[in-house]
Amino acid sequence: MQYLLLILSVLLTGCQLVEEPAPKHVAYMAPAKTMAPYTVHEYVSSLSVQLSNITGMRKNNARIAITSFFDAQALNSGLADQQAVGLSQQIQESLLTQFTQLGYHTIEHRLDGHITLLDNAESILSRDVNTLRLRQNIDFVVTGTLTQQQHAYIVNARLINMQDGRVVSAATTEIPINTMWTDEKVQQRDGLIYRTEY
């Protein structure tokens with residue numbers, strides 16, 4: 001019996017000395033954040049085509065101004081923010097470019113009365129109403145709103161007759177949230193934090 005206990009203890013001790021191989025961990029690679037397949041300019045081209053379907057008569061040399069696009073819930077002050085910083089202005093600039101390329105008589109209503117020289121640049125555009133031309137000959141204006149959804153911004157645009165306020169054309173498109181920046185895991189909307197991934 002003593003021999004049996006001795007053999008058993010030697011065998012058990014031998015089992016403890018054998019090291020188990022460390023488990024091989026497979027590295028988890030998080031998927032890379034990607035950008036939307038098109039640029040803002042390409043998404044805005046859908047708006048330009050839709051807005052070109054104008055109802056009613058318009059004169060061939062009608063002057064068209066294009067304004068900034070505001071958050072639909074904050075029309076007085078709310079340009080797009082967070083992931084869409086710059087989206088409002090980029091929609092405006094793309095529409096100005098595309099309407100000009102389509103042959104419309106677009107007006108730069110932000111044109112200052114003179115060229116301003118800075119230390120490292122010069123500018124002729126301004127938002128200071130005191131330096132802009134007093135009379136702006138504008139027949140139509142393109143304006144619009146942005147509404148943030150989980151996956152995209154819904155952009156609504158309209159072409160409005162400045163004399164009677166009539167909407168002569170309207171357009172809608174979606175611009176994915178990750179068009180200007182990659183999609184983020186955590187977002188803030190209406191003062192609340194939203195997580196899209198864990």
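The values are calculated or read from the model by the stated rules, or taken from the named source; none is laboratory data. Because the structure is a prediction, the values reported are computed rather than measured. In this analysis, Cβ positions are derived from the backbone assuming ideal geometry, glycine residues included, and neighbour counts consider all displayed protein chains.
If you go through region 36-95 and keep only what is modelled with pLDDT of 85 or more and among the acidic types (Asp, Glu), you end up with Glu42, Glu93.
Let's see how each residue does on (1) surrounded by fewer than 16 Cβ atoms within 10 Å (Cβ to Cβ); (2) touching a Gly at 6+ places or on another chain (Cβ under 7 Å); (3) under 18 Å from Pro176 (Cα atoms):
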site: Leu111; (1), (2), (3): yes, no, no
site: Asp119; (1), (2), (3): yes, no, no
site: Arg127; (1), (2), (3): yes, no, no
site: Arg158; (1), (2), (3): no, yes, no
site: Asn161; (1), (2), (3): no, no, no
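Just to be sure, is Gly165 surrounded by fewer than 17 Cβ atoms within 10 Å (Cβ to Cβ), at pLDDT 90 or above and part of a loop (DSSP other than H, G, I, E, B)? Against the criterion (surrounded by fewer than 17 Cβ atoms within 10 Å (Cβ to Cβ), at pLDDT 90 or above and part of a loop (DSSP other than H, G, I, E, B)), Gly165 qualifies. What about Leu134, is it at pLDDT 75 or above and among the hydrophobic types (A, V, I, L, M, F, W, C)? No; evaluated as a whole, the condition is false for this residue.
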